[in-house]
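Beneath this line is the structure, given in structure tokens, with notes to follow.
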Amino acid sequence: MCTLEKKLLSTINNSILKFEQMLKTNSVFYFDSTEFVDISHHYIEEANYKLANKAIKMGLKQHPNNIDLMLLNSELLIFNSKYEDASKILNYVQEIDPENREVYLQKATIYSKNNLSQEAIEILKRALVFIDDKVDIWNMIAMEFLLIEDFESAIPFFKKCLYHDDEDYQSLYNLIFCYENIGLIDESVNELSQVLEKRPYSKIAWYQLGKTYKKIGKLKESISAFDFAIISDDQFVSAYIEKAKILEKLKKHNEALENYKIAIELSEPNSYIYFKISKCYKKLDNKKLFLDYIKKALREEPSNEKAWVYLINFYLKRNNLRQSRYLAKKALENNCNSFLILEINAFINKSLGNNIKAIGYYKEIINIQENQSWKIWKNLLKCILEAEDWSQLLIMSLRAKKHFSKKPFIDFIISGCLLKDGKLNEAIYFYQSGSKLSKIPLKLRESFPEFIQNKTLLV
């Protein structure tokens, strides 16, 4: 830090101390407008918005016509979603200073926060006419186009940002994202290649190139790009992981393991990487290390749904239903709203002959989200059918009918339940509805002997 910077910092610190002393003593001290601006900026950076607001208000009392303080005031109002009040201040400032850059940026922010991206874009384009440093404006325009998924319009503005600064990797990432969303993969490759011509050791560009090649199935080229990213930075954890994922896909599990293990050595204990290592060991038929690493994954992140499912399935494939049930219950404790884990619990209990519990799990899935797959609904109905709880079966079948109106299985069940309840006319309606699409399954004939007994249905 140079002498001038130290002096400025010391001056600001003195102003802050003086301001806080004034608040403690309920005194009124005079500050020039620059001091109030510096004090306000300090508190905003510290996320102490209460004191920032106090400084701005006091500043405006002493300097009511100071534009910088007005704009800081509107900035805080926007932060607190008081858009109308902020707009009034911005309109007033604009009358005084029609080419004030900050006015346009804040107005654009208000439009954006109100989901008015087109209006935000228009006002930002107006600002470009008289603002010399256009990079921030280009980026804001591009991001607004991204928000409305107008990728083609966003591209030229991200390119402008990248042309201005070829190390602007966020703009590079966004540019590649736009190209890929409109199917211009070759353009992504060309853009990244141009960056690499200028900066051959750009780890980010190599990494993005690797991901792009992966998306179009050029796996060898992808691995090569990740290797260059690693050469550029041998601590680049993400590059090791992405390379390992491709090696895993190519069934080169030992090589994948090497890269995953380097990644875990370079990073903090990571549930995702432990899980990926466990999968490799499973493919290599190393049961012990598979279990060691998947347990590490779950210790690091008990809510890791994929790891739980993988571990439970390991025991299910070995017909160890007791251990599977124990693990499924543990998994549910850490993923109480997971449809997949609830379904596994239902399946295991059904396999163990505990229909009542299986029904409970299936109903829990549906109660969380009614619009489930036909598979879930069908399994639920089958469980209730086996339990011979006819009233519950009717209720749940009618609920299922709302989502699957053309499933004859549901019509036949409703018809059977109605027959058991002595409601013949209604039963006939649903039986005929189902018969238009399918023959009645043998299982339902066995569950509902009433179908045979009521000859009217067969007419």
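The values are calculated or read from the model by the stated rules, or taken from the named source; none is laboratory data. Note that this is a predicted model, so its numbers are computed, not measured. Cβ placement follows ideal geometry from the backbone for every residue including glycine, while neighbour counts extend to all protein chains displayed.
A few remarks follow.
- Answer residue from region 26-38, given it is among the hydrophobic types (A, V, I, L, M, F, W, C) and farther than 10 Å from Gly59 by Cα and is surrounded by the most Cβ atoms within 10 Å (Cβ to Cβ) among those: Phe29
- The single condition among (1) at pLDDT 90 or above; (2) among the hydrophobic types (A, V, I, L, M, F, W, C); (3) crowded, with 19+ Cβ neighbours inside 10 Å that Leu71 does not satisfy is (1).
- When residues of region 290-307 are limited to those that are crowded, with 22+ Cβ neighbours inside 10 Å and of a type outside the set (A, V, I, L, M), the one farthest from Ile341 (Cα to Cα): Tyr293
- Scanning region 197-214 for residues that are at pLDDT below 90 and either part of a helix (DSSP H, G or I) or among the hydrophobic types (A, V, I, L, M, F, W, C) (or both) turns up Glu197, Lys198.
- Exclusive hit being surrounded by 14 or more Cβ atoms within 10 Å (Cβ to Cβ), part of a helix (DSSP H, G or I), acidic (Asp, Glu) and outside the structural domain of Leu184 (by TED's automatic domain parsing), set Glu144, Glu102: Glu102
- With respect to (1) more than 23 Å from Asn349 (Cα to Cα); (2) surrounded by fewer than 24 Cβ atoms within 10 Å (Cβ to Cβ), the lone exception for Ile395 is condition (1).
- Qualifying residues in region 33-78 (those that are of a type in the set (Asp, Glu) and touching a residue at least 24 places away in the same chain (Cβ under 8 Å)) - the one farthest from Leu90 (Cα to Cα): Asp38
Okay, residues lined up against (1) aromatic (Phe, Trp, Tyr); (2) surrounded by 22 or more Cβ atoms within 10 Å (Cβ to Cβ); (3) under 43 Å from the mean Cα position of the chain (by Cα):
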site: Asn367; (1), (2), (3): no, no, yes
site: Trp390; (1), (2), (3): yes, no, yes
site: Asn425; (1), (2), (3): no, no, no
site: Lys436; (1), (2), (3): no, no, no
site: Ile452; (1), (2), (3): no, no, no
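- The requirement of being on the phi < 0 side of the Ramachandran plot and buried (at least 22 other Cβ atoms within 10 Å of the Cβ) is fulfilled nowhere in region 439-447; no residue meets it.
- Lone unmet requirement of (1) part of a loop (DSSP other than H, G, I, E, B); (2) within 30 Å of His253 (Cα to Cα); (3) among the small types (Gly, Ala, Ser) for Gly353: (2)
- Members of region 105-131 found to be closer than 21 Å to Leu76 by Cα and not in a helix (DSSP H, G or I), listed by number: Asn114, Asn115, Leu116
- Listing of helices (runs of 4 or more DSSP H) fully contained in region 401-459 that carry 1 or more residues being touching a helix residue (DSSP H, G or I) at 6+ places or on another chain (Cβ under 7 Å) and over 24 Å from Ile376 (Cα atoms): 408-420, 424-435, 450-453
- For Asn190, the conditions (1) modelled with pLDDT under 95; (2) within 27 Å of the chain's Cα centre (by Cα) are fulfilled apart from (2).
- Residues that are under 11 Å from Ala142 (Cβ atoms) and of a type in the set (Gly, Ala, Ser) within region 153-212 comprise Ser153, Ala154, Ser171, listed in sequence order.
- Residue among Phe130, Phe79 that is surrounded by fewer than 20 Cβ atoms within 10 Å (Cβ to Cβ), aromatic (Phe, Trp, Tyr) and farther than 17 Å from Ser40 by Cβ: Phe130
- The residue that is modelled with the lowest pLDDT, counting only those in region 250-268 that are outside any helix (DSSP H, G or I) and within 27 Å of the chain's Cα centre (by Cα), is Glu268.
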